[in-house]
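Before any comments, here is the structure.
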Amino acid sequence: MRKFRPFDWRHNPGFGTFTALTILFLYAPLVVLVVYAFNANRLVTIWSGFSLKWFVQAVNDGNIRLAAETSLIVAGCATVCATTFAIAAALAFERGWNFLGRGIAVGVVMIPLVVPEIVVAVTTLIFFSMLDMRIGMLNLVIAHTVFCIPFAMLPMQGRLRSMGTACEDAARDLYGSEWRIFRRITLPLMAPGIVAGAILAFVSSLDDFLISFMVSGAGSTTLPVYVYGMMRQGVTPEVNAVSTILLLISAGLAVLVFLLSRPSAVSRTAGAPASAVPSS
Amino acid sequence: MNVADAVMLSVSGDRTLPEPAPKPLIEISDVEKIFGGGEIRALSDINIAINECEFFTLLGPSGCGKTTLLRMIAGFEHPSSGNIMLAGKDVLSLPPRARSVNMVFQNYALFPHLSVAQNIAFGLEMLNWSKFEISERVAEVLALVRLESFRSRKPAQLSGGQQQRVALARALAPRPQVLLLDEPLSALDLKLRKEMQFELKQLQRETGVTFVLVTHDQEEALAMSDRLVVMSAGRVQQLGTPQEIYGKPANRFVADFIGEANLIPGGLLGRRRDVTLSIRPERIEIATVSSFVKLYGVLKAATFLGADTLMEIEAGGIVVRARLRGAQMAAPGSEIGLCWPDDAEWELRE
């Protein structure tokens, strides 16, 4: 006997095949890249056995290490700066008065997300050369901070909105001054949002190519820019190895953000579910 | 009246001292709240004096402005005009943290990242009490709400009733002059709600703190309050003791909102046409002798409710509800004569 089932997209004929094809289309290139990073052959397209030698070679390559170091330092500094600015911005937008021009202010902060990256890259380059500012890595940190702020701010804003103002009101009622409320209540409660925002900022800084490509001068090349340089001399399995490492870091951090920004993240860390406890 | 006046009176030979009038702790005078550039009047013409050690309730349907008024006392909202005095001092210019008033929030607003003891200690820390004083006071209020063994739990590990008690303990810990409760029982199930009503009342008597409760539940308000105010559409409808408000409702709204009431036009009973009589269903009886009958009607339906039977009787175009003890035998459609004692009638002016 057939049971009646309500309509469900998943039971549509051909839906499974379509999904599989889409996933294949999206991820096959990545899989190929990762697989060939373990290829023993010098030529990227010919498989001749498993080997880790390209990873060893990449790690031992002084230039790659220098570029990786630059990337990490820039991403680290930009993350700290962007997160600090983003905390202030998120608080102003979510907790401040409805000041005149708040909508415009939100728009301005979000510009890097909407404007084509090439525009941001070119304007940043023009800006720095107009001021004749050539301070190496610091240029990169400033440029990265600017476009990392919206990435850092979005999860914080969401967190502030979902946690509501009840706890802060309660703290105000219990004789807390604004600064002590911020330190003891608001900051700990928005922490998952801050960590998620910081990770997003870090990943976007690490992965950025266009802006880094325009802004970085000699001696301050980031990893993506260096990889691009390597590619121009032909694709070697070393590129695959470096890309694989970058991919793993980014994917790992993205998963972490996903876990942190789930709505239940806070209540789970606060302890066992209430239902597991006998009621009074 | 202060002590000096009392001494003066006794010295002047007046033997029969008048009973000292209760001292108003909170005085709300001519408070008005207008939103949206004069479009919406959330509160108008509010004059209420709340006495010391009183259990006072703001009762009304949702949207009547009762929570707004409570948040004004706490300092989260500001009246458009009017004044609020706390213990003789104007508090309108003071932020919430400068008012010795604490609030139990509707969904408790416990700090999820702090333990029960840390939650309770928060207010005391903000007041810069010493470590020793804080630990003593926390133990004291934990005992008061019987949660001693839960001190290191997080709020998420507590049941609804326990969270409610933590919120109470947290608000009582700094020894406020007034405790404000914003629909504190609405999130609890019926049985727990009844228990907590009793506990709240007891807590108020033990601590001697003035409680101001906001609720839309009229039974809760009648059961717990020393005095209450019935609000509707941003106005005070009636202020008085539960007995006064139940027995002598000031107008149609109060009669209808508090308990059940039959609103019978005066004309139907051979009175003046412009009065309405309010008669509680439980005061109405079926007349056994025809000379007692005050109103004849036709029985529409009888519903057995266990202890009572609810009868709906149609008389002169209105439906009169009568709540009679025990199971009543009467067939729908039969004619019934109703009677009630004279003191069950209450004339409504509006």
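The values are calculated or read from the model by the stated rules, or taken from the named source; none is laboratory data. This one's a predicted model, so the numbers in the text were calculated from it and none came from an experiment. All Cβ positions, glycine included, derive from the backbone under ideal geometry; neighbour counts span all protein chains shown.
When the residues of segment A:156-167 are narrowed to those that are out of contact with any Pro (no Cβ under 8 Å at 6 or more places or on another chain) and more than 28 Å from B:L168 (Cβ to Cβ), which ends up farthest from the other protein chains (Cβ to nearest Cβ)?
A:Q157
Could you go through segment B:36-53 and let me know if any residue there is surrounded by fewer than 16 Cβ atoms within 10 Å (Cβ to Cβ), assigned to a strand (DSSP E or B) and among the β-branched types (V, I, T).
Among the residues of segment B:36-53, at least one is surrounded by fewer than 16 Cβ atoms within 10 Å (Cβ to Cβ), assigned to a strand (DSSP E or B) and among the β-branched types (V, I, T), which makes the answer yes.
From (1) under 28 Å from B:L69 (Cα atoms); (2) polar (S, T, N, Q); (3) within 13 Å of another protein chain (Cβ to nearest Cβ), pick out the condition that doesn't hold for B:S152.
In the conditions (1) under 28 Å from B:L69 (Cα atoms); (2) polar (S, T, N, Q); (3) within 13 Å of another protein chain (Cβ to nearest Cβ), B:S152 misses (1) alone.
Can you confirm whether A:N12 is surrounded by 10 or more Cβ atoms within 10 Å (Cβ to Cβ) and of a type in the set (S, T, N, Q)? Let's see the steps before the verdict.
Values: surrounded by 10 or more Cβ atoms within 10 Å (Cβ to Cβ): yes; of a type in the set (S, T, N, Q): yes.
So A:N12 fits the description; yes.
Considering only segment B:155-190, state which residues are more than 9 Å from chain A (Cβ to nearest Cβ), in a helix (DSSP H, G or I) and among the hydrophobic types (A, V, I, L, M, F, W, C).
Hits for segment B:155-190 are B:V166, B:L168, B:A169, B:L172, B:L190.
Restricting to segment B:78-99, what's the tally of residues that are at the interface with another protein chain (Cβ under 9 Å from one of its Cβ atoms), within 24 Å of B:K23 (Cα to Cα) and not basic (K, R)?
So the answer is 2.
Mind checking which residues of segment B:246-260 are touching a helix residue (DSSP H, G or I) at 6+ places or on another chain (Cβ under 9 Å), crowded, with 21+ Cβ neighbours inside 10 Å and farther than 17 Å from B:I46 by Cβ?
B:P249, B:F257, B:I258
Among B:V145, B:V141, B:V178, B:V101, which is the only one that is crowded, with 19+ Cβ neighbours inside 10 Å, touching a Ser or Thr at 6+ places or on another chain (Cβ under 7 Å) and of a type in the set (V, I, T)?
After ruling out the rest, the residue left standing is B:V178.
Inside segment A:168-240, counting only helices (runs of 4 or more DSSP H) that do not spill past its ends, which hold 3 or more residues that are within 14 Å of another protein chain (Cβ to nearest Cβ)?
A:178-181, A:187-207
Looking at (1) of a type outside the set (S, T, N, Q); (2) crowded, with 16+ Cβ neighbours inside 10 Å; (3) away from chain A (no Cβ under 14 Å), which is the only condition B:Y108 fails?
(3)
Failed condition for B:R271, given (1) out of contact with any helix residue (DSSP H, G or I) (no Cβ under 9 Å at 6 or more places or on another chain); (2) assigned to a loop (DSSP other than H, G, I, E, B); (3) surrounded by 16 or more Cβ atoms within 10 Å (Cβ to Cβ), with all others met?
(3)
Could you check B:L17 against (1) in a loop (DSSP other than H, G, I, E, B); (2) in contact with a Ser or Thr (Cβ under 9 Å, 6 or more places away or on another chain); (3) at pLDDT 60 or above and say which number it fails?
(3)
Being in contact (Cβ under 8 Å) with a residue 40 or more places away in the chain, touching a Ser or Thr at 6+ places or on another chain (Cβ under 9 Å) and not acidic (D, E), is that true of even one residue in segment B:279-300?
no
Do we find a residue being buried (at least 16 other Cβ atoms within 10 Å of the Cβ), free of Cβ contacts under 8 Å to residues at least 24 places away in the same chain and either under 25 Å from the mean Cα position of the chain (by Cα) or not in a helix (DSSP H, G or I) (or both) anywhere in segment A:104-117?
No, because not a single residue in segment A:104-117 is buried (at least 16 other Cβ atoms within 10 Å of the Cβ), free of Cβ contacts under 8 Å to residues at least 24 places away in the same chain and either under 25 Å from the mean Cα position of the chain (by Cα) or not in a helix (DSSP H, G or I) (or both).
Quick test for you: out of A:L131, A:L187, pick the one residue that is modelled with pLDDT under 90, surrounded by fewer than 20 Cβ atoms within 10 Å (Cβ to Cβ) and either in the same structural domain as A:L248 (by TED's automatic domain parsing) or more than 17 Å from A:A254 (Cα to Cα) (or both).
Criteria check complete, one pass: A:L131.
Could you say whether any residue in segment B:259-267 is under 30 Å from B:T210 (Cβ atoms) and not charged (D, E, K, R)?
yes
Residues to consider are B:G60, B:G75; find the one that is surrounded by 18 or more Cβ atoms within 10 Å (Cβ to Cβ) and within 11 Å of another protein chain (Cβ to nearest Cβ).
B:G75
Between a first residue in segment B:200-217 that is buried (at least 20 other Cβ atoms within 10 Å of the Cβ) and a second residue that is assigned to a helix (DSSP H, G or I) and of a type in the set (A, V, I, L, M), which pairs have beta carbons less than 6 Å apart while being 6 or more apart in sequence or on different chains?
Listed by first residue and then by second, the contacts come to B:V214/B:L70; B:T215/B:A221.
Out of A:V257, A:V266, which single residue is modelled with pLDDT under 85, within 14 Å of chain B (Cβ to nearest Cβ), assigned to a helix (DSSP H, G or I) and surrounded by 15 or more Cβ atoms within 10 Å (Cβ to Cβ)?
After applying the criteria, what remains is A:V266.
If you go through segment B:65-114, how many residues are part of a loop (DSSP other than H, G, I, E, B) and hydroxyl-bearing (S, T, Y)?
Of the residues in segment B:65-114, 4 are part of a loop (DSSP other than H, G, I, E, B) and hydroxyl-bearing (S, T, Y).
Tally time: how many residues in segment B:302-318 are loosely packed, with under 13 Cβ neighbours inside 10 Å and of a type outside the set (S, T, Y)?
5
Taking segment A:45-79 on its own, how many of its residues are surrounded by fewer than 18 Cβ atoms within 10 Å (Cβ to Cβ) and more than 18 Å from A:S220 (Cβ to Cβ)?
Final tally of qualifying residues: 13.
For residues that are out of contact with any Gly (no Cβ under 9 Å at 6 or more places or on another chain), within 11 Å of A:A241 (Cα to Cα) and not in a loop (DSSP other than H, G, I, E, B), tally how many sit in segment A:36-63.
Qualifying residue count for the region: 9.
Which condition breaks for B:F122 when tested against (1) facing chain A (nearest Cβ under 10 Å); (2) buried (at least 17 other Cβ atoms within 10 Å of the Cβ); (3) not in a helix (DSSP H, G or I)?
Failing condition for B:F122: (3).
State whether one or more residues within segment B:129-139 are touching a helix residue (DSSP H, G or I) at 6+ places or on another chain (Cβ under 8 Å) and either aromatic (F, W, Y) or modelled with pLDDT under 90 (or both).
yes
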